[in-house]
Structure formats: structure tokens, C-alpha cells
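Right, one structure below, let's go through it.
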2 protein chains.
Amino acid sequence: MAKRQLLLLSSSQLHGYEFLEFASRDITDFLSKNKVSTVLFVPFAIKDHNAYLKKVEKPLNQWGFKVEGIHNQENPVDAVEKAEAIFIGGGNTFRLLKALYDTKLVTAIRTRVLEEGVPYMGASAGTNVATRSINTTNDMPIVYPPSFEALKLVPFNINPHYIDAEPNSKHKGETREDRIRQYLEEKDSCTVLGLREGALLHVEGYNAVLKGFTGAKLFVRDQEPVEMKIGEDVSYLFKDCA
Amino acid sequence: MAKRQLLLLSSSQLHGYEFLEFASRDITDFLSKNKVSTVLFVPFAIKDHNAYLKKVEKPLNQWGFKVEGIHNQENPVDAVEKAEAIFIGGGNTFRLLKALYDTKLVTAIRTRVLEEGVPYMGASAGTNVATRSINTTNDMPIVYPPSFEALKLVPFNINPHYIDAEPNSKHKGETREDRIRQYLEEKDSCTVLGLREGALLHVEGYNAVLKGFTGAKLFVRDQEPVEMKIGEDVSYLFKDCA
């Protein structure tokens with residue numbers, strides 16, 4: 001896993017920015033540094049794959065990268081085996097993970113990224129599936145995947161689109177923090193990094209740094225949650241859940 | 001199913017009311033009409049079963065009903081077979097449904113309610129599990145149940161705690177309506193009744209009426225969502241997904 005290269009975005013959207021724009025510099029640096037010219041895009045979290053591909057192509061082409069949609073390739077496993085970089089976009093995490101299992105991509109992507117160092121980018125659902133499991137997704141369980149275990153590119157969980165409770169809310173549904181705390185009550189759970197929209201995690205081997213604009217909140221079992229700031233080294237997360 | 005008696009609450013809490021208080025009259029009428037003196041309470045959606053039992057006992061005792069916790073019974077299936085009425089409380093829907101499968105209660109409750117006419121009350125997660133499936137829960141998937149199929153006391157889906165999009169929100173996560181629309185894109189989906197906090201569905205046999213304070217929004221595949229008002233007869237829902 002010393003070759004691992006990950007860029008895990010909380011979301012594709014940040015208020016006030018175009019699609020992916022808030023992360024343009026991080027994405028460009030990440031792909032350029034790894035000498036990537038073409039990104040293999042996985043649109044399975046959204047129903048209309050072609051429309052999604054077009055949406056992602058627009059900014060990436062503008063920044064000098066070509067994009068291929070995995071749904072247009074004859075054999076998705078072969079496509080992963082040849083990919084220079086993999087980007088899994090957001091949408092519904094359950095639909096996405098089920099599609100990854102159905103197309104035998106879980107093992108293929110894991111091997112390429114962890115053993116062969118192929119750069120992996122994820123946004124929202126694409127970040128959820130990069131972690132230990134999808135146990136901390138915000139999405140509705142619209143389909144039943146064969147497991148909640150995910151790509152395990154990192155051994156901890158991420159909650160994307162993390163949002164603080166609205167102090168004046170009259171809504172009685174659980175807050176995001178309540179929900180993450182419920183997860184931590186379960187015996188198989190581990191640490192959860194709540195990434196606010198606009199935040200991203202950059203991983204190189206066993207080093208992880210929080211980047212972007214907005215920071216994160218870290219939830220460790222039996223401890224009070226801790227605020228994390230942009231620029232913070234969070235490499236110790238690899239020890240927590242190993 | 002002609003004997004079916006259900007009271008399905010969107011939530012246990014409504015802003016400005018004590019726990020279950022907003023539905024006190026509906027609950028009292030429902031239980032009295034069915035000559036119930038003791039309610040069998042299923043607290044599996046919350047980790048601390050005894051604390052949850054106490055919380056529920058307080059209002060129900062005050063209104064003249066005894067409450068037994070199923071977690072205190074030697075054999076949960078026997079307890080269901082003897083129950084005068086069943087109440088499944090809210091919490092985490094995944095944890096609840098997994099516990100219902102683990103304790104063999106899915107078939108036991110379904111048989112008692114649909115074939116023997118035992119009154120069933122649910123709130124939030126307890127309403128989710130009463131429907132066709134848990135595909136439209138808002139909860140985090142903190143554990144992996146053996147299926148998303150639920151008690152099927154009604155053939156359609158409910159989204160409890162339904163909430164309209166906040167027009168000025170800067171958050172980019174999907175709205176509740178976006179999430180329900182994603183579900184309706186899936187081939188096995190059916191109609192979803194989005195019950196606002198404070199709303200409840202009263203079912204007698206094949207008759208269903210919307211009660212409570214706040215109304216609901218109905219999502220039918222390939223149609224625009226429709227507002228439903230308190231007092232509306234929604235019995236046609238039984239035909240939609242039969």
C-alpha cells in the first residue's frame with residue numbers, strides 16, 4: 001500500500017463554485033504529478049451514464065485531461081486494468097456499490113490502486129466506496145448490495161457532505177452527528193471522518209492530509225468528536241482501524 | 001388482510017410536543033377501540049432497550065395502557081403470539097430490521113397483524129419496517145440486514161420525517177425529494193408516501209386515511225409528486241403496488 005495515491009472529495013459541488021471547480025487545483029496537481037493524461041470515469045452512482053460523463057468531461061477537459069466512461073468499454077475489468085487513473089463520481093452509494101460488485105470491479109480496482117499505485121479519485125458516493133464500508137453514507141438504500149463492505153482503499157470510514165446540526169431546527173429527525181454516533185455503538189464500527197463539503201483527503205501511501213476549504217470532524221469511538229483543520233496531517237487514521 | 005389495524009406515525013416527536021404527545025388522541029382511540037390494555041413494545045432500533053421502554057411507558061401509562069418490553073420476554077416469538085397490540089419504536093431502521101430477522105419476528109409479526117388482526121403501531125423506523133421495504137428510510141446503514149424487505153403490512157413505501165427542501169440552503173447533498181426520485185428510478189420500486197413529522201397513516205383493512213397535523217407528499221413513478229392533506233382517504237395506495 002506504499003504506492004497508494006488517493007484524492008477523496010466530500011462532494012463534487014461546493015456552494016458558489018461550478019461542478020468540481022473548488023478542487024480544480026488539487027485535482028490538477030494530483031493527476032499531473034502522477035503523469036495522467038486520461039481518466040477512467042465510473043458513472044454508476046447516477047442512472048444516466050452518458051449525461052454524467054459529459055458533465056465530468058467539461059471541467060476535466062478544460063484542465064487538460066481526457067476522460068473515458070467505463071460504461072462505454074467492452075469489458076470494465078479490462079478497462080480498470082489499463083487505466084492510468086480512476087475517478088468514481090457521486091450519486092447513490094447503494095446503486096454504485098451494487099454495480100461495482102455486479103461488474104466484478106471491487107477486487108479489480110482495489111488491486112490496481114493498492115498494489116499497482118493507480119491514482120484514485122472519488123467524490124461523495126465515490127469517496128464512500130473508497131473506504132472500509134458504506135456504513136456511513138447519507139444515501140437512501142434504494143437497492144440491496146451484496147455487502148456493505150467497500151473497496152477498503154483506506155481502513156476507516158468517511159461521512160461525506162458532513163454537516164453540523166442546525167441549532168434552530170424544528171425538525172426531529174436525527175442530526176448527522178446522532179447518526180454517526182449510532183454507527184459507533186455497533187461492535188464492528190471504527191473511526192469516522194466527517195468531511196464537510198469543500199474538504200478533501202489526500203492520501204499518499206500511509207500519509208493523509210486534509211485539504212480544501214472547510215475542514216472535517218473526527219468521530220472516534222468512546223471519545224468526544226474533534227474538529228480537524230485544513231492542512232492537518234491525519235496519517236494516524238491508518239493506525240486506528242488497521 | 002381485512003382485519004389489518006395499523007397506526008403508522010412519521011415520528012415520535014413533533015416540535016412543541018412531548019414524546020408521542022402530538023398523536024395522543026389517535027393512539028388512545030386506536031388502542032381503546034381495539035380493547036387493548038397492554039402493548040408489546042419492540043425497542044430494537046435503539047441500543048439501550050430498558051431506557052427506551054421507560055421513555056415509552058411514561059405517556060402510554062398516563063393514557064391508561066400497560067407496556068411490556070419484548071426484550072424482557074423469554075421468547076420474543078411467543079410474546080408476539082400472545083400480544084394484544086404491538087408497537088415498534090423509532091431509532092435506526094437497519095439495526096431494527098436486522099434484529100427483527102435475527103429474532104425470527106418478521107414472519108411472526110406479519111402473521112399476527114395481517115391474519116389475526118392484532119393492532120400494530122409504528123413510529124419512524126417502526127413505520128419504515130411496517131411497509132414493503134426499508135428502501136426509503138433516512139437512516140444510516142450502520143449494520144447489514146439479511147434483506148431490505150420488511151414486514152409488508154402495507155404494499156407501498158413510506159418515507160418518515162419527510163421534509164421539504166430548504167430553498168436557501170447552501171448544502172449540496174441531495175434533498176429528500178431527490179433521494180425518493182432516485183429510488184423511483186429503480187425497477188423494483190413502487191409508490192412512496194412522504195409523511196411529514198406530525199402526520200400519521202391510519203389503516204383499517206383496505207382503508208387508509210391520513211391523520212395528524214402536517215400532511216404528506218405522494219411520489220408515484222413517472223408522475224409529479226402530489227400534496228396530500230390531513231383527512232384525505234388514501235385507500236387507493238393499496239391498488240398501486242399490489
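Considering each residue of region B:57-79 in turn, at least one proves to be on the phi > 0 side of the Ramachandran plot and out of contact with any Cys (no Cβ under 8 Å at 6 or more places or on another chain). Pairs meeting the criteria (first residue in region A:88-117 and farther than 13 Å from A:LEU40 by Cβ, second residue assigned to a loop (DSSP other than H, G, I, E, B) and among the polar types (S, T, N, Q), beta carbons under 6 Å, at least 6 apart or on different chains) are A:GLY90/A:SER12; A:GLY90/A:SER124; A:THR93/A:THR137.
Output the residue which, of all residues in region A:31-48 that are more than 22 Å from A:ARG110 (Cβ to Cβ) and under 19 Å from the mean Cα position of the chain (by Cα), is surrounded by the most Cβ atoms within 10 Å (Cβ to Cβ). Checked region A:31-48; the qualifying residue surrounded by the most Cβ atoms within 10 Å (Cβ to Cβ) is A:ILE46. Considering A:GLU57, A:GLU81, A:GLU74, the condition of being farther than 30 Å from B:ILE180 by Cβ, in a helix (DSSP H, G or I), out of contact with any Leu (no Cβ under 9 Å at 6 or more places or on another chain) and acidic (Asp, Glu) is satisfied by A:GLU81 alone. Among all positions in region B:141-151, there is no residue which is farther than 18 Å from B:LEU96 by Cα, within 13 Å of chain A (Cβ to nearest Cβ), more than 11 Å from the chain's Cα centre (by Cα) and touching a residue at least 12 places away in the same chain (Cβ under 8 Å).
Residues that are of a type outside the set (Phe, Trp, Tyr) and more than 18 Å from the chain's Cα centre (by Cα): does region B:22-30 have at least one? Even if it seems obvious, please write down each step before you answer.
Residues of region B:22-30 that are of a type outside the set (Phe, Trp, Tyr), as a first pass: B:23-29.
Restricting the remaining residues to those that are more than 18 Å from the chain's Cα centre (by Cα) gives none.
Taking every residue of region B:22-30 in turn, none turns out to be of a type outside the set (Phe, Trp, Tyr) and more than 18 Å from the chain's Cα centre (by Cα).
Out of B:ARG196, B:ARG132, B:ARG221, one residue alone is closer than 30 Å to A:PHE44 by Cβ and in contact with a Phe, Trp or Tyr (Cβ under 8 Å, 6 or more places away or on another chain). It is B:ARG132.
Within region B:9-34, can you find the residues that are of a type in the set (D, E, K, R) and under 26 Å from B:GLY205 (Cβ atoms)?
Just the residues of region B:9-34 that are of a type in the set (D, E, K, R), to begin with: B:18, B:21, B:25-26, B:29, B:33.
Within region B:9-34, B:ARG25, B:ASP26, B:ASP29, B:LYS33 qualify.
State yes or no: is A:GLY16 in a loop (DSSP other than H, G, I, E, B), surrounded by fewer than 21 Cβ atoms within 10 Å (Cβ to Cβ) and in contact with a Ser or Thr (Cβ under 9 Å, 6 or more places away or on another chain)?
Values: in a loop (DSSP other than H, G, I, E, B): yes; surrounded by fewer than 21 Cβ atoms within 10 Å (Cβ to Cβ): yes; in contact with a Ser or Thr (Cβ under 9 Å, 6 or more places away or on another chain): no.
Taking the combined requirement at face value, the residue does not satisfy it.
Would you confirm whether any residue within region A:179-191 is touching a Lys or Arg at 6+ places or on another chain (Cβ under 8 Å) and more than 29 Å from B:SER12 (Cα to Cα)? Yes, because at least one residue in region A:179-191 is touching a Lys or Arg at 6+ places or on another chain (Cβ under 8 Å) and more than 29 Å from B:SER12 (Cα to Cα).
Residues of region B:208-235 that are assigned to a loop (DSSP other than H, G, I, E, B) and surrounded by 11 or more Cβ atoms within 10 Å (Cβ to Cβ): B:PHE213, B:THR214, B:GLY215, B:VAL220, B:ARG221, B:PRO225, B:ILE230, B:GLU232, B:VAL234, B:SER235. Checking each residue in region B:192-217 for being free of Cβ contacts under 8 Å to residues at least 60 places away in the same chain and closer than 24 Å to B:ALA2 by Cβ picks out B:LEU193, B:ASN207, B:ALA208, B:VAL209, B:LEU210.
Scan region A:27-54 residue by residue and report those that are hydrophobic (A, V, I, L, M, F, W, C) and part of a helix (DSSP H, G or I).
Step one: filter region A:27-54 for residues hydrophobic (A, V, I, L, M, F, W, C), giving A:27, A:30-31, A:36, A:39-42, A:44-46, A:51, A:53.
Selection gives A:ILE27, A:PHE30, A:LEU31, A:ALA51, A:LEU53.
Within region A:84-97, can you find the residues that are within 14 Å of chain B (Cβ to nearest Cβ) and either within 17 Å of A:GLY117 (Cβ to Cβ) or assigned to a loop (DSSP other than H, G, I, E, B) (or both)? Before you say what the answer is, go through the steps one by one.
Filtering region A:84-97 down to residues within 14 Å of chain B (Cβ to nearest Cβ) leaves A:89-97.
Result: A:GLY89, A:GLY90, A:GLY91, A:ASN92.
Pull up region B:162-178, narrow it to residues that are touching a strand residue (DSSP E or B) at 6+ places or on another chain (Cβ under 8 Å) and facing another protein chain (nearest Cβ under 7 Å), then point me to the one that is farthest from A:GLY198 (Cα to Cα). Residue satisfying both the conditions and the ranking: B:ILE163. Of the set (1) under 14 Å from B:LEU96 (Cα atoms); (2) among the polar types (S, T, N, Q); (3) out of contact with any Gly (no Cβ under 9 Å at 6 or more places or on another chain), all apply to B:ASN157 but (1). The residue that is farthest from the other protein chains (Cβ to nearest Cβ), among those in region A:9-54 that are in contact with a Leu (Cβ under 9 Å, 6 or more places away or on another chain) and of a type in the set (Gly, Ala, Ser), is A:SER37.
Just a yes or no: is a residue in region B:84-92 more than 17 Å from the chain's Cα centre (by Cα) and surrounded by fewer than 24 Cβ atoms within 10 Å (Cβ to Cβ)?
First, pick out the residues of region B:84-92 that are more than 17 Å from the chain's Cα centre (by Cα): B:84.
With surrounded by fewer than 24 Cβ atoms within 10 Å (Cβ to Cβ) added as a condition, the list becomes B:84.
Among the residues of region B:84-92, at least one is more than 17 Å from the chain's Cα centre (by Cα) and surrounded by fewer than 24 Cβ atoms within 10 Å (Cβ to Cβ), which makes the answer yes.
The numbers here are math on the coordinates, done by the rules we state, and not lab data. Bear in mind the structure is a predicted one, so any value in this text is a computation, not a measurement. Note that we place each Cβ from the backbone using ideal geometry, even for glycine, and neighbour counts take in every protein chain shown.
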